[in-house]
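Student: Once you've had a glance at the structure underneath, I'll fire off some questions.
The values are calculated or read from the model by the stated rules, or taken from the named source; none is laboratory data. Model, not experiment: these values are computed from the prediction. Note that each Cβ is placed from the backbone with ideal geometry, even for glycine, and that neighbours are counted across all protein chains shown.
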Amino acid sequence: MPSARQESNRFLVPLFFLEVLLFVAVIHWPASRWLTGPLLVLFVALTLFIAYFFRDPERTLPAEPDLIVSAADGLVVSVDEMEEPDFQLGRMRRIAVFLSVFDVHVNRSPVRARVKRTFHKDGQFLDARHLDASTRNECRSWWLEAENGPVAVRQIAGLIARRIVAWSKEGSLLVRGERLGMIRFGSRTEVFVPLECIVLVKPGDRVQGAATPLARWPA
């Protein structure tokens, strides 16, 4: 299965070769150090940031099976009620999480479910905190059919995030907390749950993917 490490290698491998070339230039061409030295420091710092950004820590899921967990790390920016926009699932509760460049960007399945449908939609790259980002930005949407009912997840690109990576596909059976994809460099993730679910978070809360309960299925 694809992973955050494989995604990071797309950046780290070219950076490594650039750093080797710059290091050789610093050692063998002293006259160029005014340029190659700062560039080497810059690329090393960029390498460290990318390695940090693509981290993918293991998480401990809550024991209660009726809990719907967060699909992403970040800050809860809104909890509201609206028509689910991608799969016509009707009126649902939406829990939106903003991911800064310092958050883990691996997204996880909030429930044990089968991927009934997923699709990618082109769009703009507004700041993910913008009110219209949910409807106007590029996104990938997931219809997860759980035993208790449907749950939808939307991975939304942001001002800096320009690529949404899917690691699962239609028909896949996901366990709760399983990695389904990631968004690169700052974004927004929304989880839609049925109206009868009890929401357990509020705007301003910090959440962790797979570890933090977002909502609870009704008894």
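Here's the yes/no breakdown for (1) crowded, with 22+ Cβ neighbours inside 10 Å; (2) in contact (Cβ under 8 Å) with a residue 12 or more places away in the chain; (3) outside the structural domain of CYS197 (by TED's automatic domain parsing):
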site: PRO85; (1), (2), (3): no, yes, no
site: GLY90; (1), (2), (3): no, no, no
site: ARG93; (1), (2), (3): no, yes, no
site: ALA96; (1), (2), (3): yes, yes, no
site: VAL106; (1), (2), (3): yes, yes, no
site: SER109; (1), (2), (3): yes, yes, no
site: ARG112; (1), (2), (3): no, yes, no
site: VAL115; (1), (2), (3): no, yes, no
site: PHE119; (1), (2), (3): no, yes, no
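Student: Among the residues that make up the range 53-60, is at least one of them surrounded by 11 or more Cβ atoms within 10 Å (Cβ to Cβ), under 30 Å from GLY204 (Cβ atoms) and basic (Lys, Arg)?
Tutor: yes
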